[in-house]
Amino acid sequence: MVEPEERPSVAGQRLGAPESMGISTLEPGQRPPTMPPGRQVSIRVQMLDDTQEVFEQRAPGKVLFDLVCAHLNLIEGDYFGLEFQDQHKMTVWLDLLKPILKQLRRPKNTILRFVVKFFPPDHTQLLEELTRYLFALQIKHDLACGDLTCNESSAALLVSHIVQSEIGDFEEVQCKQHLLNNKYIPEQDALMDKIIEYHQKHVGQTPAESDYQLLEIARRLEMYGVRLHPAKDREGTKLSLAVAHSGVLVFQGHTKINAFNWSKIRKLSFKRKRFLIKLRPDLNSNCQDTLEFMMGSRDCCKVFWKICVEYHAFFRLFEEPKPKPKPVLFTRGSSFRFRYITCALKVVLNELKWCLHHHQKLNLPLSETFPADKAYFIAKELLTTERTYLKDLEVITVSFQKSVGKDEAMPDSLRNLIFANFEPVYKFHETFLKDVDQRLAQWEGRSNAHIKGDYQRVGDVMLKNIQGLKLLTAHLQKHSEALLELEQTCHSSRRLEGLCRDFELQKVCYLPLNIFFLRPLHRLMHYKQILERLCKHYPPTHDDFRDSRAALADISEMVVQLHGTLIKMENFQKLLELKKDLTGVDNLAIPGREFIRLGCLSRLSGKGLQQRMFFLFNDVLMYTSRGMTASNHDSHIYVPLCINLMLCSTWKADFYHGTYGTKTHNLKRSPPSFVFLFKWLLFPHFPESPEESSADQESEDDLSASRTSLERQTPHRGNTTVHVCWHRNTSVSMVDFSVALENQLSGNLLRKFKNSNGWQKLWVVFTNFSLFFYKTHQDEFPLASLPLLGYSITIPSESENIHKDYVFKLHFKSHVYYFRSESEYTFERWMEVIRSTTCSSSHIRSLSRKEPHVY
């Protein structure tokens, strides 16, 4: 096959080339003639939702196609095409290089249909929800006309997702009436009960989620994306030919009886009514070298041949580099034969590259292309993070309540305090998520409204819901009381403490349990940041500016009101988390104690430099080593803050912060005879001994479990902050904790390892200094995680051969990951939030080279 010059790994993302593509009968290098000035012609185009639009045009087909994509606000237009019936009543694709009037004999009486042209093997390759929606409409059309055949169970399930997308959650009367009024499959009446049964199971599913599920089911069907072309074999048996991303398919009726992968095909050609497939003899020793199929006419052969060429060229553009196989030769036959057949494919590749360009390089006004608007991506960030936030609330309202809430060990007063104050907040955000998802769907062109500009705003949705959220302030204030009460009850009830500990070991509780109690307060900070970016982006004259400013004022008022509570609870939560990590410490979370910093340093003793973990509070400095137990008296040594230590500047600043104006609370000293007149030599980065190197390598195998298959589960909760700081040899302060919790981000990213070829699409959540990886946002728990403390974030260099846009690189020692985002805005946001985790550690590393740490 002919190798393209560059291949993006995700089909449909525009590569970057001049203009129009398609298959043309023009000779290589020949351009279409310039259209003389004259009267425009009205051309009707039928969209996938069966509406018709009229475009005034007489230029080459590419201009019309671009206008249709601009009208739909469609970026991934490469998957779509315009088809029509020619004078022979054959359905053909509009040639994008030829003038429209050279192809349509009676343009006023011809209707062009905008349809899906290329079906990818996996719908997760589609980057935009609008693209998935249009694919869902294509599936809906194919089901209705009988082109997508499947068994009754699959058909009923597909229809149930369509109904959920169109009318929402199940109501029996409404569902039955809707099915009576709308025909989605030919034999729908016989499957009515089964459709209703499936529809009942989709409660809470948004239209976007329904589209996703529809594509997920459809892509497993044998007839998905297949267009049959009648043919006969040499014996006269009636067959059908089709083409897919993988190669040429042969059907008998609706059953696939053979498939010829591109690697098996040496040459495709046609002559008169015969379509010829020449195979590689070494791969098909038991088959004929050349297969012959008779089609209705030479034009039928030619149409199918052109489809094969386009499918092969399109999907070859998105493969990763591999050893070059022998090219597949496409021969037009008769008077259209090219002497050197690969010229035809070169034309296709060059033309496709010309078309598959990033949308910002197209000659379209930015205002007509919604992803060019930063406000769209801000709204999308609101949607993606709201999905994660709702899942976090479910940890308390659903999972924790189911696991612990009904146990007698939990007093009724505590049960009511927790769940009675979390459930109203959860129900409110369920409605909020639906409002945001609906507005974003309208913004993406999924509404039938005539003026889409009215929907290109999100401030009004935020204002309405934040005013509703203000009514729940009393519930939000009770969340801190619930956390305090839960801790006190666990301290007095070992059974409840064990139940909570067992719940934290469940996969759904991917963070320390007490962090989930602070999520609603942190979410207010997220709303404030989102609205600040939105107001900064909008000019004062924008329609959405006033609502956004009003929403920002309301949320700022709530943040100020609850800020003191949040600061106290963050400190309390951190003390509780450290208490679990430190063996034998029972009285760590005492009144008045403030956590300042923890980190890995070195202590100079008679045995040389020894790695220790240090914990700095406002009244106490404590250090410990790994693997100690409560019975080991050297496990924890507490030092009242009255000695003069020479530390690196980062620790020194925090240390003096802890000594000024604080009342000392002395802990029990162990051992009692410990003398405080000692000398330490503290190095944030110390020479590695063989033992320390092996421990570090072991930790990276544990912590970087995402390098392996996502299905492989890692030891749960092995990546606590103390655990990570020990192995990454770094430190983190309370300020860093607060910043990380306030900078949560969620969304789809493409991930690539250092030595791998392909990119994998994942749903990624950043929180608590870690990236958590899911297959989709609907997953109940993460499949893997990557703690980021100690990592550096950069942009790949030219030598790394990552020739993609919006890619950032995470690396620690030999561990390297590449992540690819969908737009410039999301790229900058991921860089921003990840730097909030990595910058503190890098700052310490730079200081460690400049200052001595002797005292």
Exercise. Scan the stretch 190-211 for residues that are touching a Ser or Thr at 6+ places or on another chain (Cβ under 7 Å) and over 20 Å from Val173 (Cβ atoms) and jot them down.
Key: Pro207, Ser210, Asp211
Exercise. Test each condition in (1) surrounded by 20 or more Cβ atoms within 10 Å (Cβ to Cβ); (2) under 28 Å from Trp830 (Cβ atoms); (3) touching an Asp or Glu at 6+ places or on another chain (Cβ under 7 Å); (4) at pLDDT below 85 for Pro371 and report the one that comes out false.
Key: (3)
Quiz prompt | Enumeration of residues in the stretch 581-605 that are surrounded by fewer than 19 Cβ atoms within 10 Å (Cβ to Cβ) and of a type in the set (Val, Ile, Thr) | solution = Thr583, Ile590
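One line per residue, one yes/no per condition, for (1) hydrophobic (A, V, I, L, M, F, W, C); (2) under 25 Å from Ala313 (Cβ atoms); (3) out of contact with any Asp or Glu (no Cβ under 7 Å at 6 or more places or on another chain):
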position: Ala59; (1), (2), (3): yes, yes, yes
position: Lys62; (1), (2), (3): no, yes, no
position: Asn73; (1), (2), (3): no, no, no
position: Asp78; (1), (2), (3): no, yes, yes
position: Gly81; (1), (2), (3): no, yes, yes
position: Thr91; (1), (2), (3): no, yes, no
position: Thr131; (1), (2), (3): no, yes, no
position: Phe135; (1), (2), (3): yes, yes, yes
position: Lys140; (1), (2), (3): no, no, yes
Self-check item: Enumeration of residues in the stretch 816-830 that are crowded, with 16+ Cβ neighbours inside 10 Å and either not in a loop (DSSP other than H, G, I, E, B) or not polar (S, T, N, Q) (or both)
Solution: Val816, Tyr817, Tyr818, Phe819, Arg820, Glu822, Tyr825, Thr826, Phe827, Arg829, Trp830
Quiz item: Is it the case that the stretch 91-99 has a residue that's assigned to a strand (DSSP E or B) and within 30 Å of Asn748 (Cα to Cα)?
Solution: no
Practice problem: For Lys579, work out the one condition from (1) modelled with pLDDT of 85 or more; (2) in a helix (DSSP H, G or I); (3) of a type in the set (D, E, K, R); (4) within 17 Å of Asn618 (Cα to Cα) it doesn't fulfil. | Solution: (1)
Exercise. Just give me the residues in the stretch 724-777 being of a type in the set (Val, Ile, Thr), under 30 Å from Tyr212 (Cα atoms) and surrounded by 21 or more Cβ atoms within 10 Å (Cβ to Cβ), in sequence order.
Key: Val764, Val765, Thr767
Quiz prompt | Filtered residue count, the stretch 457-477, keeping only those that are crowded, with 16+ Cβ neighbours inside 10 Å, more than 28 Å from the chain's Cα centre (by Cα) and either under 26 Å from Lys380 (Cα atoms) or of a type in the set (D, E, K, R) (or both) | solution = 2
Quiz item: Can you find even one residue in the stretch 478-491 that is outside any helix (DSSP H, G or I) and either crowded, with 16+ Cβ neighbours inside 10 Å or at pLDDT below 90 (or both)?
Solution: no
Quiz item: Within the bounds of the stretch 52-72, is there any residue that is part of a loop (DSSP other than H, G, I, E, B) and at pLDDT 85 or above?
Solution: no
Quiz item: Only one residue in Leu789, Leu762, Leu749 is part of a loop (DSSP other than H, G, I, E, B) and of a type in the set (A, V, I, L, M). Which one?
Solution: Leu789
Practice problem: Please work out if Asp233 is free of Cβ contacts under 8 Å to residues at least 12 places away in the same chain and more than 30 Å from Gln442 (Cα to Cα). | Solution: no
Quiz item: Scanning the stretch 38-51 for residues that are outside any strand (DSSP E or B) and in contact with a Phe, Trp or Tyr (Cβ under 7 Å, 6 or more places away or on another chain), which turns out farthest from Pro107 (Cα to Cα)?
Solution: Leu48
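From the list Ser160, Ser165, which one is in contact with a Pro (Cβ under 7 Å, 6 or more places away or on another chain) and surrounded by 18 or more Cβ atoms within 10 Å (Cβ to Cβ)? Quick ask: steps written out before the conclusion?
Numbers: Ser160 fails: in contact with a Pro (Cβ under 7 Å, 6 or more places away or on another chain).
It is Ser165.
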Practice problem: Might you let me know whether the stretch 495-513 holds any residue that is in a helix (DSSP H, G or I), surrounded by 17 or more Cβ atoms within 10 Å (Cβ to Cβ), touching a residue at least 12 places away in the same chain (Cβ under 8 Å) and of a type in the set (Lys, Arg)? | Solution: no
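Quick grid of which residues meet (1) modelled with pLDDT of 85 or more; (2) within 22 Å of Glu222 (Cβ to Cβ); (3) in the same structural domain as Arg234 (by TED's automatic domain parsing):
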site: Lys264; (1), (2), (3): no, yes, yes
site: Asp282; (1), (2), (3): no, no, yes
site: Ser285; (1), (2), (3): no, no, yes
site: Leu291; (1), (2), (3): yes, yes, yes
site: Ser297; (1), (2), (3): yes, no, yes
Self-check item: Tabulated pairs, the stretch 554-565, first in the same structural domain as Glu742 (by TED's automatic domain parsing), second hydrophobic (A, V, I, L, M, F, W, C) and exposed (fewer than 15 other Cβ atoms within 10 Å of the Cβ), C-beta under 7 angstrom, 6+ apart or interchain
Solution: none
Quiz item: Here are some residues: Leu496, Leu513. Which one is under 28 Å from Asn465 (Cα atoms) and either modelled with pLDDT of 90 or more or of a type outside the set (D, E, K, R) (or both)?
Solution: Leu513
Quiz item: Any idea which of (1) part of a helix (DSSP H, G or I); (2) outside the structural domain of Arg519 (by TED's automatic domain parsing) is the one Asn587 doesn't satisfy?
Solution: (1)
Quiz item: Within the stretch 118-132, is there a residue that is surrounded by 14 or more Cβ atoms within 10 Å (Cβ to Cβ), under 27 Å from Val54 (Cα atoms) and among the aliphatic types (A, V, I, L, M)?
Solution: yes
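The values are calculated or read from the model by the stated rules, or taken from the named source; none is laboratory data. The shown structure was predicted, so the numbers you read here are calculated from the model rather than taken from an experiment. Reconstructed Cβ throughout: ideal geometry from the backbone, glycine too, with neighbour counts over all protein chains shown.
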